[in-house]
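A short worksheet on the structure shown next.
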Amino acid sequence: MIDATDAAPRPLIDTTARRRPIGLLLVAVPVFLVAWLVIWPIISAILRTVWRPDANGTVGFNLSSYVFFFSDRYSLDNLSVTLWTTITCAALLLLICLPISLYLRFSKGRLPDYVQAMAIFPMFVPSIILSYAFIRVLGPNGMVDILLNSVGLPKIRTPYLTPWGPVIGLVWDNIPLTVLILLSGLGNVANQAIEAARDVGANKLQVLWHIILPRISNSVLVALSFAVLGIFSAFTLPYLLGPASPEMMGPFMQRTFREVNDPLNAITQAVITFGFCIVFGLFYVRSVAHNQGK
Amino acid sequence: MKRRDFMLAAGTAAGALMLPRMSFGAEGTIDWYTSSDSNILDFWTNTVKPAFEAANPGITLNLVDAGDGAGVIAIGERAIAAKQTNTDPQADFFESGDALLPSGAIEAGVYTNIKEAGLSNYSKVNPLAIQSDYSLPYRGSQVLLAYDSAKLAAADAPKTWDDLVAWIKANPGQFVYNRPDKGGSGGNFVRRAIHQANGLDPAAFTVDNYTEEFGNEALTKAWALLSDIAPSLYDGGAYSSGNTQSIQLLAQGVVTMAPVWSDQVLQAIDQGVLPAETGLVQLTDLALAGGFTRSIVIENGTNRDAALKLADFILSEEIQGAILTELGGFPGVSWDYVSAELRERFADIVPLTIPTFPGGAWDAAINDGWYRNVAPNVDRAS
């Protein structure tokens, strides 16, 4: 056997230095694109906000736009509503998606197929269509109000144009990705482990807490960091469903850039948004690295 | 067909499409460009073009969508370049343009002086709308107040700013306007408040008189007016995110009144989005701001004379009436030259004055100031 492997013209996994250039060449294109379209704009944005001419025209190190952001009540309100929306959405996503994924993982038959289709469906709905559907259903005098009214119940307090509008929209929009990631994590939980725990008398909650959750904690982290990254910089749903003020960072940046004609402050807002996102991004990178290290 | 033949044929067809399309300004074909929305292009395709071509045998219209304002300006620059080299600009008529853009077009002799061109209908043009001798205001749009006549009788509809404020306060939650940067209906409502706070004098604001000091002084007073009515607005101070969303709230019976663009609301009524009995009213102490669309004729175009015929044609009673009934816009001619029947039908929205508000630095100041001072003023958590 050993002879046969040695005699093969080329081993399946080639680790000789000779073949490395091709591998590097293959990753060069994506790396170049990321460097050009992502890394460079970030560096340029940071440089442009900290190294620029001051009021007298002398170019130098200047943090005034950041000082303005962090001393401006209005900007801070927008930042805090963005954080609040993100955290609320993440918590709700976990609360909604974990039971769905557990159900899908541990049941068999046709019904789970339908549930899965329902859970994945939001992935195929563009957010602008979702927004208008939301207004028609949950908006004032919308479908829910009409249904409630027909059975003599009072109208709901509509979440349209309040901070809860974007929360509901964003949670719905992020269900598919979260469910899919959690499901893949649950695939790693062996049935034998659960059966063994049951054999020694663990109840359902104990199985969840001691057997399942520790095994999928990585997936939970990945799912949450994906959702959080998307939600933090969301634009369409907060723009169409949220209140005029405070606004989330996405619409705030776009408005500062286009309507207020203030690129400097818009870039500053973008750098600060990026700073928060990189923290969540690090969670994701750490968990991936952790996984590969195993 | 065999697969290979099909591929060959498809490739040839695609290649033919990619060949540069050569075109020359043809005698008798007016090259027409617009920067307006698709509803305007539809209006020209379905109404103006057939009528004009029927009235002028031998002349056809080539309608081209230039995309946006910058697109029309680029064609204008091409016309200047063509003038310098004595070549064909391949353009005869701009449906919408600014005679001052691209700068130098008038001096270069590229835009026709419409006042001197001897149009038979030029004297009918609403003098309030004329901005330049080189452009022809032929349609307008203005912000009006639309209201649900089932909840508010026409006789009780507010006709002045003070009445409006009193009505808003007496009927909390029944009025909504959109964020000023997200659509002109709310934007011009906010500008009307600025006019109100500064002596009802639109002339006080010009495109180049913005200074931080004057801006702060003038706008702060307006923010006070708007903050004052905020708690009585829809949902205790919520602002819709666009023109359409305001109309949607009106259509769903959530609010009784909202500022709307004249053309959008007439179209919404026409399409059944809003009921036919939707009431429209304009403030009489000073109307809400609006604007006119101005057409331009290219002096060095191959079909300059035909284009002038077209300019005269769009001022005719037929087309001006169609602008009202089909487009939902305002006529560019004075109301005396609109048929009596239409004048009667649209009596409530006839603008006595057409105030406008300058853009430039004012836009940025208004967009920023409103968000900082008006939008967050109310504690909506309760």
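The values are calculated or read from the model by the stated rules, or taken from the named source; none is laboratory data. If you're wondering where the values come from, they're calculated on a predicted model, not measured in any experiment. No Cβ is skipped: glycine too gets one built from the backbone with ideal geometry, and neighbour counts run over all protein chains shown.
Quick notes
- Check on residue A:265, assigned by TED's automatic domain parsing to the domain that holds residue A:171 and on the phi > 0 side of the Ramachandran plot: no
- Scanning region A:217-243 for residues that are within 13 Å of chain B (Cβ to nearest Cβ) and either under 18 Å from the mean Cα position of the chain (by Cα) or surrounded by fewer than 23 Cβ atoms within 10 Å (Cβ to Cβ) (or both) turns up A:235, A:236, A:237, A:238, A:239.
- Only one of the numbered conditions (1) touching a residue at least 24 places away in the same chain (Cβ under 8 Å); (2) within 14 Å of chain B (Cβ to nearest Cβ); (3) of a type in the set (Phe, Trp, Tyr) is not met by residue A:172, and that is (2).
Conditions tested, residue by residue: (1) within 13 Å of chain A (Cβ to nearest Cβ); (2) in contact with a Gly (Cβ under 7 Å, 6 or more places away or on another chain); (3) aliphatic (A, V, I, L, M).
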| position | (1), (2), (3) |
| --- | --- |
| B:219 | no, yes, yes |
| B:231 | no, yes, no |
| B:254 | yes, no, yes |
| B:261 | no, yes, no |
| B:269 | no, no, yes |
| B:279 | no, no, no |
| B:302 | no, yes, no |
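- Unique residue being at pLDDT 90 or above, surrounded by fewer than 21 Cβ atoms within 10 Å (Cβ to Cβ) and either more than 14 Å from chain A (Cβ to nearest Cβ) or under 23 Å from the mean Cα position of the chain (by Cα) (or both) when the list is B:313, B:346: B:313
- Of the residues in region A:158-166, none is more than 26 Å from residue A:222 (Cα to Cα), without any contact (Cβ under 8 Å) to a residue 12 or more places away in the chain and within 12 Å of chain B (Cβ to nearest Cβ).
- Within region B:35-48, the set of residues being closer than 21 Å to residue B:112 by Cβ and modelled with pLDDT of 90 or more comprises B:44, B:48.
- Odd one out for residue A:119 among (1) away from chain B (no Cβ under 14 Å); (2) more than 17 Å from residue A:168 (Cβ to Cβ): (2)
- Here region B:290-309 is the region considered, the condition is being crowded, with 22+ Cβ neighbours inside 10 Å and among the hydrophobic types (A, V, I, L, M, F, W, C), and the residue that is nearest to residue B:192 (Cα to Cα) is B:292.
- Candidates A:251, A:246 - the one that is within 14 Å of chain B (Cβ to nearest Cβ) and touching a residue at least 40 places away in the same chain (Cβ under 8 Å): A:246
- The residue that is modelled with the highest pLDDT, among those in region B:108-151 that are assigned to a helix (DSSP H, G or I) and among the small types (Gly, Ala, Ser), is B:123.
- In region A:36-72, the residues that are within 15 Å of residue A:262 (Cα to Cα) and in a helix (DSSP H, G or I): A:45, A:48, A:49, A:64, A:65, A:66, A:68, A:69
- Residue check, residue B:260 touching a strand residue (DSSP E or B) at 6+ places or on another chain (Cβ under 7 Å) and crowded, with 21+ Cβ neighbours inside 10 Å: yes
- Residue selection: residue B:290 fails the criterion of being touching a helix residue (DSSP H, G or I) at 6+ places or on another chain (Cβ under 9 Å), modelled with pLDDT of 90 or more and away from every other protein chain (no Cβ under 14 Å).
- Looking across region B:154-166, the residues that are within 17 Å of residue B:255 (Cα to Cα) and without any contact (Cβ under 8 Å) to a residue 12 or more places away in the chain come down to B:156, B:166.
- Positions within region A:263-294 being within 14 Å of chain B (Cβ to nearest Cβ) and either touching a His at 6+ places or on another chain (Cβ under 6 Å) or surrounded by 18 or more Cβ atoms within 10 Å (Cβ to Cβ) (or both), in sequence order: A:265, A:266, A:269
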